[in-house]
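Working notes for the structure below.
The values are calculated or read from the model by the stated rules, or taken from the named source; none is laboratory data. Please read these numbers as outputs of a predicted model, since none were measured by experiment. Here the Cβ positions follow ideal geometry from the backbone for every residue, glycine too, while neighbour counts run over all protein chains shown. What goes into the accessible areas is simple: the full protein's heavy atoms, side chains included, and nothing from ligands, DNA or RNA. Shrake-Rupley method; radii C 1.70, N 1.55, O 1.52, S 1.80 Å.
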Amino acid sequence: MATADSVSVFAEGTFEEQIQELVDYATRSSPEDERATALQSFRDIAKPDEGAKPIEKDQERRRNTLTFVLDQTKSLGDGSEQEIEGYFNLLFSHLLTLWPTNSPEIKHHVSSLLGVLAASPSEHPSVRYRVLSNLFNATPRNSALRLPIYTTLLQVTAVNGELETLRLSRKDVEQWLQEWDISSEERSQFLKSIVDAFIKSGQPETAYHHTLSYVSSLPPSSPNGQSAAIDAIALALRLPSLFDLDPLFKLDAVVAAKDHELFSLLQVFLNGGLPEFHSWLKSHPAVLEKYELDRAQLERKIRLLSFASLGFTHVGHDLPYSEVASTLQIELSQVEKWAIDVIRTGLLSGKLSQTTQSLHVYRSSARTFEREQWEALERRLVAWKAGLASVLEVVTSAQKRGNGSAVNEVVQQVTQTGESVQVDAA
């Protein structure tokens, strides 16, 4: 049997007594005549024929009575949040007991309940989240029912601007998609619904990370795959604090869009600088407006990336202000401002020196990590190895002499050799 997450349902009494409680709650706010009619209809359904089995042993009659309750469930009902949650938990418990989770009947009933729970999401929002979460957790982990349940939960929280209450991570999503018995098309649609929810909630950074999963789920050369790839490139360029573009560039669908105008702009941000960016702008004067890209923001991003790339070639060394000014096409007096900005982004770390007019680079990020970056890392490791040999020699000498100043020299050399190999991918 497929496992589900734990959801406790405390219910007393026989099946018929529990269903009676559900009917009483579902009809509580109905006009008196409608309520009386509903209660009589329930008694007629639940009443056994002469010589019939008790309802606890008659699955068809139990299904009929629960179907009656489900048909009466047209809103959250007139009750406290505790009553609402208790009502739906008991309803879900019987529903998941009486029908297989892959049956057409349960799909129909769950769909109807989700429609009720999605209506007027601003009313009792917190209890709606709990009820939907309880249904999700009560459903077997591999069930296809989890897809529409969580999609509804996404929609309800997004409408209320409370997506953060879900604490949704890519790791969770990846695990669910491996567990659920759904088609590849449904997987892609679910990922798109996550992206759309975060976009509508004003969280484009989070949406972007789920966009990578969405794009990779689509056939690379399909129309949907190409459209999603272009949207992903535009979103990545649009985000002022997103500098790691390498994962996007490695997606098959993005590579398949190599003839698109935005792909060439992506390449500029991966490998080029301001001259290449300005050259691209001359060749594509209308593209920025078409994809809602801001020129000033893009120029700032390419300058910061260029600064980091320049720093990568000077890790463990001093980077002259003049070289920074030339690469970024700025005045010498502006270098320290840009140095502070690039350090704040986390792309680079170092120490400014007004005396030497240079930046000593401790660590810097590479935009991509290909052959050239590996070769640079190899050179630093070789230098680090040579430095360690020198450190070992000093340590041995210090131990023989018991010299405190020599020990301090060791600490200094260890610090210097350690700095020389700190490299990251952006």
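Structural remarks
- Residue pairs meeting the criteria (Cβ under 7 Å; at least 6 apart or on separate chains; first in contact (Cβ under 8 Å) with a residue 12 or more places away in the chain, in the range 270-299; second open to solvent by 80 Å² or more (accessible area, probe 1.4 Å) and of a type in the set (Lys, Arg)): 292/238; 293/238
- Output for the range 72-117, where each listed residue is within 29 Å of the chain's Cα centre (by Cα) and over 19 Å from residue 13 (Cα atoms): 101, 102, 107, 110, 111, 112, 113, 114, 115, 116, 117
- Every residue from the range 279-310 that is over 14 Å from residue 266 (Cα atoms), surrounded by 15 or more Cβ atoms within 10 Å (Cβ to Cβ) and among the charged types (D, E, K, R): 303
- Of the residues making up the range 103-124, those that are of a type in the set (Gly, Ala, Ser) and farther than 20 Å from residue 158 by Cβ number 2.
- On the stretch given as the range 155-176, residues that are part of a helix (DSSP H, G or I) and touching a Ser or Thr at 6+ places or on another chain (Cβ under 9 Å) total 11.
- Index of the failed condition, residue 265 passing every other in (1) touching a His at 6+ places or on another chain (Cβ under 8 Å); (2) open to solvent by 10 Å² or more (accessible area, probe 1.4 Å); (3) within 16 Å of residue 239 (Cα to Cα): (2)
- In the range 336-361, the residues that are in contact with a strand residue (DSSP E or B) (Cβ under 8 Å, 6 or more places away or on another chain), assigned to a helix (DSSP H, G or I) and surrounded by 17 or more Cβ atoms within 10 Å (Cβ to Cβ): 339, 342, 343
- Scanning the range 155-172 for residues that are surrounded by 18 or more Cβ atoms within 10 Å (Cβ to Cβ) and of a type in the set (Val, Ile, Thr) turns up 156, 157.
- Scanning the range 177-201 for residues that are open to solvent by 30 Å² or more (accessible area, probe 1.4 Å), in a helix (DSSP H, G or I) and not hydroxyl-bearing (Ser, Thr, Tyr) yields 178, 179, 185, 186, 187, 189, 192, 196, 199, 200.
Residues are listed down the side, and each one gets a yes or a no for (1) in contact with a helix residue (DSSP H, G or I) (Cβ under 7 Å, 6 or more places away or on another chain); (2) outside any loop (DSSP other than H, G, I, E, B):
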position	(1), (2)
248	yes, yes
254	yes, yes
266	yes, yes
270	yes, yes
277	yes, yes
285	no, no
293	yes, no
296	no, yes
302	yes, yes
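- Criterion applied to 318, 294 was being out of contact with any strand residue (DSSP E or B) (no Cβ under 6 Å at 6 or more places or on another chain) and of a type in the set (Asp, Glu), and the one residue passing it is 294.
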